[in-house]
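Working notes for the structure below.
The values are calculated or read from the model by the stated rules, or taken from the named source; none is laboratory data. Only a predicted model underlies this, so the values are computations on that prediction, with no experimental measurement involved. Virtual Cβ from ideal backbone geometry, glycine too; neighbours counted across all protein chains shown.
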Amino acid sequence: MTRKTSKGARNTKAVKSETNAPFLKNEELTVDIIGLTHDGEGVGRANGFTLFVQGALPGESARVRVMKLKKQYGYAKLLELTKKSEDRLNPPCDIFKECGGCQLQHFDYEAQLAWKRQHVVDNLKRIGKLQVEGEGSDSGQVEAGTAGKANIAGITVLPTVGMSDPWRYRNKAAVPVGASQDSKELIAGFFARGSHRIIDMDDCLIQHDDNDEVIRAVKRIGRELRIPPYNEETGQGVLRHVMARTGVVTGEMMIVLITNGKRLPRQPEWIEHIRKALPNVKSIIQNVNERDTNVIFGDETRVLWGSEVIYDELDGIRFAISARSFYQVNPEQTVALYRTAVEYAGLTGVEKVIDAYCGIGTISLFLARQAGHVYGVEIVPEAIEDAKRNAKLNGIENASFEAGPAEVVIPRWRKEGIEADVIVVDPPRKGCDPALLETILEIRPERVVYVSCNPSTLARDLRTLEDGGYRTEKVTPVDMFPWTVHVESVALLTRNS
Ligand code: SAH
């Protein structure tokens, strides 16, 4: 973490002379907002210069104060809206402004869905240099000869699949624990936007009610048992984070207490209190994290009471989920996402399919119902254990799994004669490893289905696949995280004949 020093003050003069801004720091002016950045800040233009304005929406005009100037752009504070967008909402959450969790509660839901689609389109055009159906060529940025040749018709980007009731959708909460600044009492909630100050929270509008109840109960128990909250500055204290996860279909719940050190003081009382207050909890887990890091989990995980996993169901398939495994947080939209992925895979019952970055085998098992055989690969060994268990649990015999980096395991499979008619990838935010993309181009499956949580790396990787002989047919954005800036999408690529 960087600490504030006098450096900022010393540099003001230099910064002023380095910027191309036609105004000074602290100046007040009116800007027109013409867009939203990928983190949900308004993009303002004033005298031809770009100013980012937190809280302002496209189509609005605002009085702002210039806070920080860089060479080509700056940041300004919203003082007053002189023209309001019709899409502006009153954020229903009281702590929306302080909390970093949601960024778009002031933005009408339908408008948000349209913005998410446009965000995908813009990335495909700007980063992927791809042609999109019904869109211009982005002021000549699409070079003739690349996108034009590979994708004459342009990619169809469908409307974002939204939720009919976009609240209380999260099945997982992970909250930092700390001490209240005045009473020093144990609190848990969220880090204030852009800082590490913990703000206590009892109710989160995008969180499943049961998770909120668990967090409230764990806080109360922690206070009763006088458990010292972790202090990030000194590295002292015990409880760092609490995670609550609920299987929305089964009602089963898991609690993970993340502690600084192996010892959890008053362990038997913890278990007794939790079981009494929260009868749906089937699994109480401790994870030890002694490192000075923002990463929530440490390497050591043990069961304090109950089962190592909880169960949930998606579209009739049952899943065992352990503490460390990735499991999509919005189950309703996950079904929409996976169904789209399966539809794009175009299976007839005989195909060999590779599911790269398979987690606990969720997409793999959806695919297995319609494929010849599915091979799943994932880097977290516990997740692969879950995936194997999940295949058995559902009597699915045409899916097999291996732990390891996709970019290492799939090339080896190829040498062993395992190839695929369809490859599905669902990588983390940084996108696919280049070595994996290369292997896909060597295997040359008929179709590639790309599930992505980051439009910019999606666009980059689609460009690589297009240059290697694939055509992106269509992309469907699915809103997995309403009121936040996150955009998930599924893309279908077919091999050029
Ligand atoms: N398809 C799954 C998981 C998607 S999240 C689902 O929908 O639930 C991305 C997954 O990629 C995570 O489980 C992460 O552990 C895994 N991962 C990250 N890097 C990887 C790599 N190099 N090779 C294989 N898996 C990786």
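Of all residues in region 343-361, none that is modelled with pLDDT under 95 has its Cβ atom under 9 Å from the Cβ atom of a residue that is of a type in the set (Asp, Glu) and more than 16 Å from the ligand (Cβ to nearest atom), 6 or more apart or on another chain. Counting only strands (runs of 3 or more DSSP E) that fall entirely inside region 180-276 and contain at least 3 residues that are within 30 Å of ILE317 (Cβ to Cβ) and in contact with a Cys (Cβ under 8 Å, 6 or more places away or on another chain), no element qualifies.
Could you list, in sequence order, all residues of region 360-382 that are within 11 Å of the ligand (Cβ to nearest atom) and either surrounded by fewer than 24 Cβ atoms within 10 Å (Cβ to Cβ) or among the charged types (D, E, K, R) (or both)?
Correct list: GLU378, ILE379, VAL380, PRO381, GLU382.
Scanning region 416-423 turns up no residue that is modelled with pLDDT of 95 or more, out of contact with any His (no Cβ under 6 Å at 6 or more places or on another chain) and over 17 Å from TYR375 (Cα atoms). The one condition from (1) within 16 Å of the ligand (Cβ to nearest atom); (2) in contact with a strand residue (DSSP E or B) (Cβ under 6 Å, 6 or more places away or on another chain); (3) assigned by TED's automatic domain parsing to the domain that holds ILE215; (4) closer than 25 Å to VAL238 by Cα that ILE310 does not meet is (4).
Pick out the one residue from GLU41, GLU80 that is in contact with a strand residue (DSSP E or B) (Cβ under 6 Å, 6 or more places away or on another chain), at negative phi and buried (at least 19 other Cβ atoms within 10 Å of the Cβ).
Step by step, each of GLU41, GLU80 is checked, and only GLU41 is in contact with a strand residue (DSSP E or B) (Cβ under 6 Å, 6 or more places away or on another chain), at negative phi and buried (at least 19 other Cβ atoms within 10 Å of the Cβ).
Among the conditions (1) within 9 Å of the ligand (Cβ to nearest atom); (2) in a helix (DSSP H, G or I); (3) in contact (Cβ under 8 Å) with a residue 60 or more places away in the chain; (4) among the hydrophobic types (A, V, I, L, M, F, W, C), the only one that ALA459 does not satisfy is (1).
Working carefully through the options SER180, SER164, find the one that is surrounded by fewer than 22 Cβ atoms within 10 Å (Cβ to Cβ), under 23 Å from ARG266 (Cα atoms) and either within 21 Å of the chain's Cα centre (by Cα) or not aromatic (Phe, Trp, Tyr) (or both). Don't jump to the end; show me each part of the working.
Details: SER164 fails: under 23 Å from ARG266 (Cα atoms).
Result: SER180 is the single residue among SER180, SER164 that is surrounded by fewer than 22 Cβ atoms within 10 Å (Cβ to Cβ), under 23 Å from ARG266 (Cα atoms) and either within 21 Å of the chain's Cα centre (by Cα) or not aromatic (Phe, Trp, Tyr) (or both).
Take GLU213 and decide whether it is of a type in the set (Asp, Glu) and surrounded by 15 or more Cβ atoms within 10 Å (Cβ to Cβ). Yes: the conditions hold for GLU213.
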